[in-house]
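**Student:** Quick one: the structure is below, and I'll ask about it shortly.
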Ligand SMILES: [Zn+2]
Ligand SMILES: [Zn+2]
């Protein structure tokens with residue numbers, strides 16, 4: 001199984017990082033993509049520990065929409081920062097997480113759009129996939145990916161919790177959809193119906209840990225070992241065994257993050 005999106009460099013894991021990684025590996029998590037916030041020195045140093053303790057893990061680096069306000073005057077600086085940090089961080093496979101969050105609106109929307117656009121351009125120039133965070137911003141997210149991607153951009157809608165229409169549009173763009181613990185929540189019946197209709201060769205699995213722990217761990221600090229609960233949920237939706245879904249989603253992960261992840 002694969003955890004295609006986790007924040008292991010978050011301070012929430014500072015005191016027991018090695019135990020968390022040990023549990024993940026013991027639970028059969030073969031690979032993980034660790035998401036780093038560009039310019040965060042504490043995360044960068046924790047990332048060096050992760051790289052030593054988990055050699056098959058890789059990294060994504062980006063400016064999250066919540067941080068876009070820091071670059072409101074010079075959005076190009078966000079992409080420059082990500083580029084610089086990608087150069088100096090081994091095993092960086094993707095630009096992310098980047099996108100738009102109109103639910104929390106932590107940053108002004110025009111700053112979010114400008115910073116997102118610059119980073120999509122960077123990913124396209126580098127030939128790297130993008131990890132997309134989008135919330136209540138479907139139209140603008142799709143517009144920027146379409147305008148800047150020129151059909152040469154690949155990537156993932158992480159923690160997918162959107163509508164069937166957004167799923168369709170994402171698949172039409174050639175993107176993958178990553179399911180998280182939300183898919184196990186009792187009330188998420190619409191989301192499960194949407195995920196049941198996504199072709200299995202476009203699905204990924206993630207924890208988004210330390211957030212969004214799946215049932216039966218809900219409310220606790222999430223960790224990569226628990227991604228198996230998400231695999232189980234997708235397997236049930238698609239009428240296949242957990243092993244089959246694990247193999248399928250692992251293959252998809254390597255397809256989207258290849259060749260960097262091999
Ligand atoms: Zn996110
Ligand atoms: Zn995240």
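**Student:** For region 191-262, what class follows from the C-alpha gyration tensor (a ≥ b ≥ c being the square roots of its eigenvalues): rounded when a/c is under 1.5, otherwise prolate if a/b is larger than b/c, else oblate?
**Tutor:** Numbers: a/c = 1.96, a/b = 1.20, b/c = 1.63.
Oblate is the answer for region 191-262, as a/c is 1.5 or above yet b/c matches or exceeds a/b.
**Student:** For region 15-88, just say rounded, prolate or oblate: build the C-alpha gyration tensor, square-root its eigenvalues into a ≥ b ≥ c, call rounded for a/c under 1.5, and beyond that prolate if a/b exceeds b/c, oblate if not. Let's see the in-between values first.
**Tutor:** Working: a/c = 2.66, a/b = 2.50, b/c = 1.06.
Note, shape of region 15-88 comes out prolate.
**Student:** Now a separate question. Below 8 Å between Cα atoms, with a sequence gap of 6+, how large is the relative contact order for region 11-161 in percent?
**Tutor:** On the way: 245 pairs, mean separation 31.0, N = 151.
Taking the mean separation of contacting Cα pairs over the length of region 11-161, I get 21 percent.
**Student:** A further question follows. Quick check on the chain: helices-only [θ] at 222 nm, where DSSP H runs of length 4 and up contribute -39,500 (n - 2.57) each and the sum goes over total residues. Nearest 500, please. Numbers along the way, then the final one.
**Tutor:** On the way: 9 runs with 112 residues, N = 262.
The helix-only estimate for the chain comes to -13500 deg cm²/dmol at 222 nm.
**Student:** If you average the alpha carbon positions of region 86-132 and of region 184-234, how far apart do those two centres end up, in angstrom?
**Tutor:** A separation of 23 Å, based on Cα centres.
**Student:** With a/c under 1.5 counting as rounded, go ahead and sort region 63-171 into rounded, prolate or oblate using the C-alpha gyration tensor (a ≥ b ≥ c being the square roots of the eigenvalues; past the cut-off, prolate if a/b is larger than b/c, else oblate). Spell out each step's value before the answer.
**Tutor:** Numbers: a/c = 1.70, a/b = 1.18, b/c = 1.44.
The shape class here is oblate.
All of the numbers you see were taken from the coordinates with simple rules; none came from a lab. These numbers come from a predicted model, not from an experiment.
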